[in-house]
Amino acid sequence: MNSTIKDITYTRMYLLLSALAKNLLGTFNCIYLYKQGFSVIEVAIWILITYIGYMIFQPILLKYGHKFSNKVLLLVSFVFFISTYIELAFYLDSLFSLILNAILYTCYNSIFWNVRHNLEFTTLNDKKIGRKVGILLIISQISEITAAMISAVILDNFSIVPLVIISSILMFISLIIIFPIDEKRKKKPSGSIIAYFKTVPKITLFHLALREASTVMTAFFPLYLYIYVSNTYSFAGLANFFLGLASMIFTYFLSKRIDDKRESYLLLCTVLICLIYLLKINITTEFVLVIVFIEGFIKQFFNVVNNNNYYLLGQKLDRLTYICGNECFINIARVSITLIGLFLTGSIPKLMYFCIGLLVLSGFVPFKTKK
């Protein structure tokens, strides 16, 4: 097997297994915390600390991450991964332990996503990236569907401990897979995070900030389903299954056609996703599953367009500078949206409406790759 093809194959296997391990425990974090007796505001504090943590750790990774190989960084991430979920399973009994868990989670997740984006960029080195982005998205969707169903069944019938064991084993296997990959020595980043803000057009930054309303909605929606529709993990897992299945179908047919007209799709996909979100939060019966299935098609339309833009823009800057700068900026946006949307409106449904309003606005703000 050609060494380049081998490396890409191993990379995709790593992405699938590590995402599966991560999603087994991460899909229902908010529901688990709520069931442990924490209030909605305390769960929101956990989410906010993770967002703030990314803003703190990304500059550190930019300054020192190039000194270590991806393999070393993933080993460190694995240690934090184990620590996060051991603490979650056995020592989560106070607000202090909740904050500690959020910090541990942020440490592992910051390193994980930094390396993951780095690996993804190695397979996306030309402008015709739509098909390749589609492959990466399908890998993520397979892991999300599988993880949601498995974790829902286990959490409804057992405890979180079996999930911790299964996830840890899968994450360890993914590390074994990544080690045979030939890794080039990293170059020292040629710019600071300030270079990111100088390079990315201001109108694009505004678009990116508004678009993060979708991420905030995704973070809170499993908890919304649990509180307002059906208080089981299985129902949230079933919703995730329908969403992922439709997303995979849509990704397969759209990703290969998106390269030439991505900008013309931006407003259309934003309007459609906002309409489906409005339907979703106004239906409090099991019929919401039908809406979620339709959402899978439309949301993936939204994701494919935006992910193509993300990787294209990333070719304008040093890779590590772009990844760290982007992570810092979008998490500033997430913190702002969560604080304004939740702490001023006071409830998850009102937060959803606030996020939908921001998404509608994002559809009218262009995404430009050049100043």
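The values are calculated or read from the model by the stated rules, or taken from the named source; none is laboratory data. On a predicted model such as this, the values are computed, not experimentally measured, just so you know. Glycine also receives a Cβ, built like all others from the backbone with ideal geometry; neighbour counts cover every protein chain displayed. Side chains are part of the model used for accessible areas, which takes the heavy atoms of the whole protein and leaves out ligands, DNA and RNA. Shrake-Rupley method; radii C 1.70, N 1.55, O 1.52, S 1.80 Å.
Ser69 satisfies every condition listed in (1) closer than 21 Å to Cys324 by Cβ; (2) open to solvent by less than 60 Å² (accessible area, probe 1.4 Å); (3) free of Cβ contacts under 8 Å to residues at least 60 places away in the same chain except (3). Sub-7 Å Cβ pairs linking a first residue in region 141-160 that is free of Cβ contacts under 8 Å to residues at least 24 places away in the same chain to a second residue that is not small (Gly, Ala, Ser), at least 6 apart or interchain, are Ile154/Pro162; Ile154/Leu163, ordered by first then second residue. When Phe206, Phe172 are checked against the criterion of being under 20 Å from the mean Cα position of the chain (by Cα) and open to solvent by 60 Å² or more (accessible area, probe 1.4 Å), a single residue qualifies: Phe206. Looking at region 78-90, can you tell me whether even one residue there is crowded, with 20+ Cβ neighbours inside 10 Å, modelled with pLDDT of 90 or more and in contact with a Lys or Arg (Cβ under 9 Å, 6 or more places away or on another chain)? Yes; the residues of region 78-90 include at least one that is crowded, with 20+ Cβ neighbours inside 10 Å, modelled with pLDDT of 90 or more and in contact with a Lys or Arg (Cβ under 9 Å, 6 or more places away or on another chain).
Taking the conditions exactly as written (at pLDDT below 70, open to solvent by 50 Å² or more (accessible area, probe 1.4 Å), closer than 30 Å to Ile193 by Cα and not hydrophobic (A, V, I, L, M, F, W, C)), does Gln315 satisfy them or not? Yes: the conditions hold for Gln315.
Return yes when Val115 is of a type in the set (Val, Ile, Thr), assigned to a helix (DSSP H, G or I) and surrounded by fewer than 17 Cβ atoms within 10 Å (Cβ to Cβ) and no when it is not. Here the answer is no, as Val115 does not meet what is asked. For region 41-55, the set of residues classified as open to solvent by 40 Å² or more (accessible area, probe 1.4 Å), farther than 16 Å from Glu327 by Cβ and among the aliphatic types (A, V, I, L, M) consists of Ile41, Ile45, listed by residue number.
Among the conditions (1) assigned to a helix (DSSP H, G or I); (2) touching a helix residue (DSSP H, G or I) at 6+ places or on another chain (Cβ under 7 Å), the only one that Phe38 does not satisfy is (1).
On the stretch given as region 1-35, residues that are over 20 Å from Leu74 (Cβ atoms), open to solvent by 20 Å² or more (accessible area, probe 1.4 Å) and either modelled with pLDDT under 80 or not in a helix (DSSP H, G or I) (or both) total 6. Among the residues examined, Thr345 does not qualify as more than 16 Å from Gln58 (Cα to Cα) and modelled with pLDDT under 75. Leu20 satisfies every condition listed in (1) farther than 26 Å from Val335 by Cα; (2) over 16 Å from the mean Cα position of the chain (by Cα) except (2).
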